[in-house]
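I have placed the structure first, in the form of structure tokens, so that the comments after it can refer back to it.
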Amino acid sequence: MEKITVGIEGLLLFNPKVFKDERGEFYETYNKTLYASLLPGVSFIQDNLSKSHLNVLRGLHFQMPPFEQGKLVQVIKGSVLDVAVDLRKNSATYGAHFSVELNDTNKLQFWIPPGFAHGFLSLEDDTIFTYKCTNNYSPAHEKTLLWNDPQLTINWGEIKPIVSLKDLQGVPFNSFITPF
């Protein structure tokens with residue numbers, strides 16, 4: 001497993017070793033011992049899966065303390081543009097975002113620690129997206145930043161996304177007071 005640092009402290013990409021032969025391919029999506037060494041002190045307690053149509057945009061979601069979540073995300077089938085926004089007030093990259101394409105070909109995994117908003121845009125029909133979480137989901141603690149807030153300058157591409165009512169009503173970044 002290759003561990004890749006990116007431009008925002010705390011965010012990581014993992015590139016698993018894939019074994020291919022005439023039958024197809026095999027790789028470990030999770031190994032508790034390996035991830036204990038890659039992400040010391042992190043334990044996962046909930047797994048989630050979503051299936052999305054082409055151009056479905058989900059996010060930018062996060063949970064407030066004490067139910068903040070770290071997420072290890074990956075695509076099983078299809079592809080997404082995955083985005084994390086830094087909400088840590090004392091971070092040098094507060095308000096900055098990082099985006100990466102995750103797909104069933106590159107098999108990259110993206111670690112997003114607590115203190116980030118997260119969202120993704122499905123780039124293919126029937127995309128299957130999974131994520132391991134470090135805390136249970138709490139509807140009362142879930143918050144949403146406005147996905148297309150001009151202050152965040154996220155380039156989602158030239159599409160008309162399919163967005164839920166909840167995500168359309170996200171909070172603008174300039175009126176958000178971070179607890180992180």
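General remarks:
- Non-local lysine pairs in segment 41-180, meaning eight or more places apart or on different chains, with alpha-carbon distances under 25 Å, amount to 23.
- GNM result for the chain, Cα springs below 10 Å: residue of P139, P113, P16 fluctuating most strongly: P139
- Just checking the listed ones, F19, F67, F98: in the Gaussian network model of the chain with Cα springs under 10 Å, the one fluctuating most is F19.
- Cα Rg over Rh - segment 1-157, Kirkwood: 0.95
- Every Cα-Cα pair in segment 1-49 was counted, and those over 12 Å apart are 72% of them.
- Shape call, segment 17-73: gyration tensor on alpha carbons, a/c limit 1.5: oblate
- 5 angstrom amide H check on L60, placed H, neighbours 5+ away: L145, W147
- Projecting the Cα atoms of P65, F120, S79 onto the charge dipole of segment 30-180 (Cβ charges, centred on the Cα centre) puts P65 farthest toward the positive pole.
- For segment 116-121, 3J(HN,Hα) per residue [Karplus equation, 6.51 cos²θ - 1.76 cosθ + 1.60, θ = phi - 60°, Hz, x = Gly/Pro]: 10, 8, 9, x, 8, 10
- Karplus-derived HN-Hα couplings along segment 57-68 (A = 6.51, B = -1.76, C = 1.60, θ = phi - 60°), whole Hz, x at Gly and Pro: 10, 10, x, 9, 9, 7, 10, 7, x, x, 10, 4
- Net charge, K51 excluded, C-beta distance under 9 Å - Lys, Arg +1, Asp, Glu -1: 0
- Taking amide H as placed 1.01 Å from N in the peptide plane, the amide H of K71 sits under 5 Å from that of I112, each at least 5 places away or on another chain.
- Label point distance in nm, M64-F19, each placed 7 Å from Cα along Cα→Cβ: 4.8
- Near I8, no amide H atom lies under 5 Å from its own; only residues 5 or more places off or on other chains count, and H is placed 1.01 Å from N.
- Rg ratio for segment 40-85: its Cα radius of gyration over 2.2 N^0.38 Å, N being its residue count, equals 1.33.
- With θ taken as phi - 60° and the Karplus curve 6.51 cos²θ - 1.76 cosθ + 1.60 applied, the whole-hertz 3J(HN,Hα) list for segment 28-40 is 7, 8, 7, 9, 3, 5, 4, 5, 5, 7, 6, 10, x Hz, x standing for glycine and proline.
- Take every Cα pair under 8 Å whose residues are at least 6 apart in sequence, average their separation, divide by the length of the chain, and the relative contact order is 29 percent.
- Prolate/oblate/rounded call for segment 84-172, Cα gyration tensor, a/c under 1.5 rounded: rounded
A short reminder: the numbers here are calculations on the coordinates, not readings from a lab. All of these numbers come straight from a predicted model, not from anything done at the bench. In this analysis, Cβ positions are derived from the backbone assuming ideal geometry, glycine residues included, and neighbour counts consider all displayed protein chains.
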